[in-house]
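Beneath this line is the structure, given in structure tokens, with notes to follow.
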Amino acid sequence: MSKPRSPSPLPTVPMEGVDESTWLDVIQKMDEVYTRLIDDEVELEKKNTELEQSQQFIFSVLTSMSDVLVVCDERGLIEQANAALCELVGRPEEQLRSSSLADLLADAASVDAARAAMDRSDAPRAGQGIELNLLDRAGQPVPVDANCTPRIGPNGRRVGTVWVGRPTAELKRAYHEMRAAHEALKRTQQQLLHSEKMASLGQLVAGVAHELNNPISFVLGNVHALRKYCDRLQTYMAALHAHEPEPVLQALRQKLRIEHLLGDLPSLIEGTLEGAQRTADIVHGLKRFSAMDPEERTPVNLVEVIDRAIHWVQKGRPTPVDVRWQAGERCTVMGSAGQLQQVMMNLLQNAFDAVGGPGVVSPCVWVAMACEGTQVRVSVRDNGPGIPPEHLLRIFDPFFTTKPVGKGTGLGLSISYGIVEQHGGRLSAHNADGGGAEFVLELPKAQ
């Protein structure tokens with residue numbers, strides 16, 4: 001700050017007729033004016049310093065911005081641009097000034113969109129978000145997510161626009177990569193679900209074979225009987241076509257027991273159809289359980305799901321287990337019947353394994369279902385040894401299992417937990433008060 005200059009010496013004025021006090025007042029006023037001048041100069045220096053600091057601050061902010069920034073006048077001519085834009089287009093700010101914003105755009109669609117955004121930006125602080133294609137230093141289009149905001153002058157009127165944009169090429173590439181990774185993860189999850197389902201189905205092979213053998217044996221027996229009946233009918237029809245005498249035909253009818261045959265045919269056919277339908281139902285159930293589940297959700301009757309799960313798991317056990325199933329009222333949820341059946345089969349399989357060990361005198365599994373408000377609650381409890389406390393916190397972890405090697409994948413409960421979460425429900429485990437473990441499944445009721 002420069003040192004203030006001293007005032008010039010006062011000219012010599014004749015003192016005759018001037019009171020001394022008057023001169024003292026004049027000198028005092030001049031001192032006051034001089035003091036104010038010095039104060040004003042100091043304040044001006046301070047304001048200049050603050051202005052320089054503010055300008056330096058704004059410049060550092062604009063320079064540090066990774067987003068591009070362009071300030072335009074009413075005609076769309078560039079008045080100021082930050083370093084990010086200069087780096088993107090490969091031109092210094094001096095070249096950009098007074099050039100048109102349209103010169104930086106890669107296509108006519110971007111020019112039209114920018115012009116429309118500037119025309120709409122007449123309300124104070126009303127930002128307009130659009131996507132523009134800028135030309136980079138290599139002359140290639142670069143997508144930019146831009147926002148156009150009016151620039152307001154001291155008189156409160158719009159004097160131009162301010163553009164702030166962020167190049168989205170890397171963001172879009174990252175988004176597509178993330179989407180592809182998400183799709184791959186979904187496919188892997190579906191394959192994992194299917195593999196675990198096949199593992200569960202493999203444990204039921206013996207029961208399934210027995211379940212199929214009964215109706216197939218019944219159908220085979222009926223078909224053998226029908227073949228014998230067919231031979232008798234062909235013999236009798238040959239005699240009719242040969243125009244044998246009535247006594248001969250009557251004797252043949254008694255010998256071949258035609259009346260008994262005709263009376264037995266309806267029940268044989270009905271029994272064969274029933275056995276074939278039962279076989280078809282079993283195969284259809286296996287196919288539905290083993291198929292890859294679709295994404296869409298449909299109304300599912302949990303009573304039917306639990307009935308099938310109990311039936312399949314019981315058939316796959318070498319020794320019988322007492323299952324006490326309390327169905328309660330009919331409860332419907334929105335979901336995948338195959339996935340929910342997989343959950344129930346996993347819970348039941350674990351309960352059956354728990355009561356199948358040594359020391360369990362009367363193995364029993366309790367299954368109960370109840371509708372409680374907007375929730376459906378299903379519990380599976382056994383009278384086995386229970387779950388050790390140190391295992392309760394890890395019971396739903398992937399690949400965690402307490403079963404011997406070869407007896408489990410360690411994925412059943414983990415996958416079941418994920419399926420229930422996807423259905424908007426909750427799966428928990430604890431040791432029951434009377435002994436044994438209890439798993440509780442809660443799902444939202446269908447509206």
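Here, each number is a calculation from the coordinates, and none is a lab measurement. From a predicted model like this one, the values you see are computed outputs, not experimental measurements. Note: ideal-geometry Cβ built from the backbone for every residue, glycine included; neighbour counts use all protein chains shown.
Post the alpha-carbon centroid distance, region 265-284 to region 329-361, in whole angstrom.
That distance is 29 Å.
Once the other residues with Cβ under 13 Å from the Cβ of residue 232 are scored (Lys, Arg +1; Asp, Glu -1), what is the net sum?
Working: positive: 227, 228, 253, 255, 257; negative: 231, 259, 264.
So the environment of residue 232 carries a net charge of +2.
Counting pairs of alpha carbon atoms under 8 Å apart in space and at least six apart in sequence, what relative contact order in percent does region 65-167 give? Numbers along the way, then the final one.
Values: 218 pairs, mean separation 30.3, N = 103.
Relative contact order of region 65-167: 29 percent.
Taking amide hydrogens as modeled 1.01 Å from N in the peptide plane, which residues meet the under 5 Å criterion relative to residue 136, leaving out close sequence neighbours?
HN-HN under 5 Å from residue 136: 142.
Which order do the peptides 28-39, 93-104, 412-423 come out in when sorted by mean C-beta neighbours inside 10 angstrom, highest first?
Working: 28-39: 11.0, 93-104: 15.4, 412-423: 20.1.
Averaged packing, sorted descending, gives the order 412-423, 93-104, 28-39.
Around residue 260, with a cut-off of 11 angstrom between Cβ atoms, what is the net charge of the other residues, counting Lys and Arg +1 and Asp and Glu -1? The partial results should precede the final answer.
Working: positive: 232, 253, 257; negative: 259, 264.
Overall, the nearby charge balance is +1.
Dipole of region 65-167 (Lys/Arg Cβ +1, Asp/Glu Cβ -1, origin at the Cα centre): which of 72, 110, 153 lies farthest to the positive side?
Of the candidates, 153 comes out farthest on the positive side.
Please state the equivalent ellipsoid semi-axes for region 65-167: what are the square roots of 5 times the Cα gyration tensor eigenvalues, largest first, in whole Å?
Values: eigenvalues 89, 44, 27 Å².
Semi-axes, largest first: 21, 15, 12 Å.
So how long is each side of region 293-444 along the principal axes, counting just the alpha-carbon atoms, biggest first, in Å?
Projected onto its principal axes, the Cα set of region 293-444 covers 42, 30, 29 Å.
In debye, nearest 20: dipole of region 293-444 around its Cα centre with unit charges on the Cβ of K, R (+) and D, E (-)? Walk me through the intermediate numbers first.
On the way: 12 positive and 16 negative charges, 71 e Å.
Once rounded to the nearest 20, the dipole reads 340 debye.
Which FRET efficiency value, to the nearest 0.05, do you get for residue 20 and residue 155 by plugging their Cβ-Cβ distance into 1/(1 + (r/R0)^6) with R0 = 41 Å?
On the way: r = 55 Å, r/R0 = 1.34.
Working from the Cβ atoms, E equals 0.15.
Below 11 angstrom from the Cβ of residue 431, what's the summed charge of the other residues (Lys, Arg +1; Asp, Glu -1)? Before the final figure, lay out each step's value.
On the way: positive: 381; negative: 382, 433, 438.
Summing Lys and Arg as +1 and Asp and Glu as -1 gives -2.
I'd like to know which of 364, 302, 327 lies farthest towards the positive end of the charge dipole of region 293-444, counting +1 on Cβ of Lys and Arg and -1 on Cβ of Asp and Glu.
Of the options given, the answer is 364.
Given Cβ point charges of +1 (Lys, Arg) and -1 (Asp, Glu) and nothing else, what value in debye, to the nearest 20, does the dipole of region 65-167 about its Cα centre take?
Working: 11 positive and 15 negative charges, 65 e Å.
For region 65-167, the charge dipole is close to 320 debye.
Say R0 is 35 Å: what FRET efficiency, to the nearest 0.05, do residue 324 and residue 186 get from their beta-carbon distance?
Working: r = 39 Å, r/R0 = 1.10.
Plugging the Cβ-Cβ distance into 1/(1 + (r/R0)^6) gives 0.35.
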